[in-house]
Amino acid sequence: MKKIAVIGGGASGMMAALFAAQRGIKVHLYEKNKILGKKILITGKGRCNLTNGGDIDDYMENIPGNPYFMYSALYFLDNISTMKLFEDAGMPVKTERGKRVYPVSDKACDVSYTLEKLIRKKGVRIHRGLPVKDIKAENGCVSGIVMSNGEIHDYDGVILATGGLSYPGTGSDGDGYRMAKNLGHTVTKLYPSLVGLICKEDFCGDLMGLSLRNVSIKIKDSKNKTVYTDFGEMLFTHKGVSGPIILSGSRSLIPFDEKGYKLFIDLKPALDEQTLDKRILRDFSENTNKSIKNALDRLLPKSLIPVIIDLSEIDENKKVNSISKEERKKLLSVIKGMPLTIAKTAGYNEAVITSGGVDVDEINPSTMESKLIKNLHFAGEIIDVDAYTGGFNLQVAFSTGALAGEKILSEE
């Protein structure tokens, strides 16, 4: 019986093992951690946004990193088939705002458990806590793997699904890139993506934990060109900002311009400037003898008021009945475009995904097989494909893993 090794027991690795085992291939899955799917457990704040209910056009729009490479994989295992696979295995799913799909239980561990249950049922041999050091190839074809202790295990094929560099605490240390390079593959420039932003303004720490919903953001580069806009939810962290729209916006900062980016937050995107001005005037008229710091409670979150007043360069103790038209105009401008200076990204420790990876020009998109080494296939984050938040990245992992498992050692 033909046998293969799958290196990496994450989302793509387990899916690859499942689809290969379903074809009658003997599969050995190697995971350096003591548990499988460690990164799955922390996705979606522990709920696991496992896919997105959008159509193929939605996926193309939400995969900024080499989207067209994904056509074959997404058509082979699409989001509908992925949801059915989990539901048939006893894990019902639900769809929420933005077509984001979660397990009904809201437990990420159920996703990992279901995949592990499926591969065990198909007879996949799981090796935990056993790091693979390298992949052996002879005459341009895979011949086996080299373990960290120097042992050599012979295999007819290998699927490399080790992930990227994001969340290194889950075991993502880039060893897969090294293995690919050793076999002659090109690894493109790597960047942390879908990551929080560190800002220069000290007041971010004062606002830590504040969540803003239904706001819009605009990111501009050093030439004042708008590079990203979005609408939705964000939050302040101890050193900057994070949340869904910030994470997606971080992808537009690759490569990061050291000259700096500016972030502008429209706190009231539903109101144009004229309407907002009328609203401010109404609030002022109802609080005519109050200081401005006590007159904005109905317009802004309490913790944000002193920051907005300070940015507007207004004395917080100034009575609203003495606020000048120019001061009101500045206040309006700050509310419609609260400025922040982006210093850098929060790095791989907080990045959801790695942008960059094994060059897609060296991988057959119809099979996920290396164009350089026969019977070597790739799956998941190690490939130079990355997407925005919303379940798209896990679907990329599932689809590439399934296709690699289906096609390895195939005569097609």
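List of remarks:
- Straight Cα distances below 13 angstrom link Lys302 to the aspartates and glutamates Asp206, with same-chain residues fewer than 8 positions distant left out.
- Aspartates and glutamates with Cα under 20 Å of Lys407, excluding same-chain neighbours fewer than 8 positions away: Asp78, Asp154, Asp156, Asp359, Asp361, Glu362, Glu369, Glu381, Asp384
- The amide H of Val93, built 1.01 Å from its N in the peptide plane, has Val104 as neighbours under 5 Å, considering only residues 5 or more places off or on other chains.
- Multiplying the residue separation of Asn317 and Cys109 by 0.36 nm and removing their Cα-Cα distance gives an extension gain of 69.7 nm.
- Kirkwood-based shape ratio for segment 18-148, expressed as Rg/Rh from alpha carbons: 1.01
- Other-chain or far-sequence residues with amide H under 5 Å of Val385's (modelled H): Gly356
- Remark on segment 141-266: Rg and Dmax equal 20.1, 59 Å (Cα only).
- Karplus-derived 3J(HN,Hα) values for segment 71-83, using 6.51 cos²θ - 1.76 cosθ + 1.60 with θ = phi - 60°, are 3, 4, 5, 5, 6, 6, 10, 8, 5, 5, 5, 5, 4 Hz; glycine and proline are entered as x.
- Both numbers refer to the Cα atoms of segment 275-336; Rg and Dmax are 10.0, 25 Å.
- Using the rule -39500 (n - 2.57) for each DSSP H run of four or more residues, divided by the residues of the chain, the 222 nm mean residue ellipticity is -8000 deg cm²/dmol.
- Gain upon complete extension [Tyr68, Lys121; 0.36 nm per residue less C-alpha separation]: 15.7 nm
- The chain: radius of gyration over Cα atoms, expressed as a fraction of 2.2 N^0.38 Å: 1.15
- Thr186 paired with Asp283, simple spin-label distance in nm, labels 7 Å along Cα-to-beta-carbon: 5.4
- Applying the criteria of a DSSP loop state and at most 13 other Cβ atoms within 10 Å to the trypsin sites (Lys or Arg not before Pro) of segment 117-215 yields Lys189, Lys200.
- With a Förster radius of 35 Å applied to the beta-carbon distance between Glu96 and Arg178, the computed FRET efficiency rounds to 0.35.
- Hz values of 3J(HN,Hα) by residue in segment 225-238 - Karplus curve (6.51, -1.76, 1.60), Gly and Pro given as x: 8, 6, 9, 7, 9, 6, 9, x, 10, 8, 8, 8, 10, 5
- Measuring nothing but how far apart in sequence close Cα pairs (under 8 Å, 6+ apart) lie, relative to its length, the chain scores a relative contact order of 26 percent.
- Other residues lying with their Cβ under 13 Å from the Cβ of Asp106 contribute a combined charge of +3, Lys and Arg counting +1, Asp and Glu -1.
- DSSP-assigned coil residues among trypsin sites (Lys or Arg not before Pro) in segment 3-82, each with at most 13 further Cβ atoms within 10 Å: Lys34
- Taking 7 Å steps out from each Cα toward its Cβ at Lys225 and Leu372 produces label points 3.2 nm apart.
- Under-5 Å amide H pairs with Lys344, H placed in peptide plane, nonlocal only: Ile198
- Pairs from Lys39/Lys133; Lys26/Lys371; Lys107/Lys374; Lys181/Lys262; Lys3/Lys107; Lys84/Lys344 whose Cα-Cα separation, in the structure shown, is over 30 Å: Lys107/Lys374; Lys181/Lys262; Lys3/Lys107; Lys84/Lys344
The numbers here are math on the coordinates, done by the rules we state, and not lab data. The shown structure was predicted, so the numbers you read here are calculated from the model rather than taken from an experiment. Neighbour counts run over all protein chains shown; Cβ positions are idealised from the backbone, glycine included.
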